[in-house]
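Trainee: One structure, as structure tokens, below. Some questions next.
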Amino acid sequence: MNISPSKENMLKRIRKALSHSTPLPFPQAEGAGAVYHPLKQEAEVEFAEKFTQLQGKFVYCINRQELAFQLGSLVRKQDWKKVYCLEENLIADVLPQLEDRLVKEGLADCDVSVTGCEYLVARTGSVVMSSANASGRSTSVYAPIHICIAFTSQVVYDLKDALQGLKEKYGNNPPSLITFASGPSRTADIEKTLVVGVHGPKEVYLFLVEA
């Protein structure tokens, strides 16, 4: 096949260009550096600020004893009759004084659900939950009010840190569901008016325990 001189010249230029590497015009934009600025304060403080900005209700506890007291006081003050919880470690450690109000069935009729979580993401104020624990897929979604109990050891800076932690924890058997929840459920689909509690809980409490 005959190749015209102009086409041959073009092919020579392409071969020459391929034989020499071209420096990246914007090397810092190719993942060489961090996308977000590093934290200027403690991760727990950053999470609390972001979480409350998203209409979440944040409670800090210095230990499990204070958690039991604070949570019990909240339940009694709000007069919640049915507290749904399936996680035995939470029931044994922090919910014993609410034994008369605890239920393990009838999620649709409960006043509030209590769950743990996998991680807290400081940069976005998000709570990372999965289907791997006893609460499964529905506990944090179908109750009108969700209370999440977490520990300072579960706070990470960014989403990638949470995903890396999940990968290290579960390996090749990840949970069938991983949820990133940022405050109560809300939508502005209808006439661009923000409505809270449409697709999930209308209130979310986060109790963070020093650990």
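Trainee: Any residue that is modelled with pLDDT under 75, of a type in the set (A, V, I, L, M) and in a helix (DSSP H, G or I) - is there at least one of those in the range 28-40?
Mentor: Checked the range 28-40: at least one residue is modelled with pLDDT under 75, of a type in the set (A, V, I, L, M) and in a helix (DSSP H, G or I).
Trainee: When you look at LEU120, is it touching a residue at least 12 places away in the same chain (Cβ under 8 Å) and surrounded by fewer than 17 Cβ atoms within 10 Å (Cβ to Cβ), yes or no?
Mentor: Spelling it out, it is not the case that LEU120 is touching a residue at least 12 places away in the same chain (Cβ under 8 Å) and surrounded by fewer than 17 Cβ atoms within 10 Å (Cβ to Cβ).
Trainee: Another question, then. Could you please give the count of residues in the range 43-74 that are more than 24 Å from GLY125 (Cβ to Cβ) and in contact with a helix residue (DSSP H, G or I) (Cβ under 7 Å, 6 or more places away or on another chain)?
Mentor: Matching residues across the range 43-74 total 2.
Residue-wise test of (1) closer than 16 Å to VAL114 by Cβ; (2) touching a residue at least 24 places away in the same chain (Cβ under 8 Å); (3) crowded, with 18+ Cβ neighbours inside 10 Å; (4) among the hydrophobic types (A, V, I, L, M, F, W, C).
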residue: VAL128; (1), (2), (3), (4): no, yes, yes, yes
residue: THR139; (1), (2), (3), (4): yes, yes, yes, no
residue: ALA143; (1), (2), (3), (4): yes, yes, yes, yes
residue: ASP161; (1), (2), (3), (4): no, yes, no, no
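Trainee: Right, another one. If a residue has to be assigned to a strand (DSSP E or B) and not aliphatic (A, V, I, L, M) to count, how many in the range 142-156 make the cut?
Mentor: 3
Trainee: Moving on to the next point. Residue by residue through the range 93-113, note down the ones that are surrounded by 11 or more Cβ atoms within 10 Å (Cβ to Cβ) and farther than 18 Å from HIS146 by Cβ.
Mentor: Across the range 93-113, the qualifying residues are ASP93, PRO96, GLN97.
The values are calculated or read from the model by the stated rules, or taken from the named source; none is laboratory data. As the structure is a computational prediction, the values presented were derived from the model and not from experiment. Neighbour counts are summed over all protein chains in view; Cβ atoms, including those assigned to glycine, are modelled from backbone coordinates with ideal geometry.
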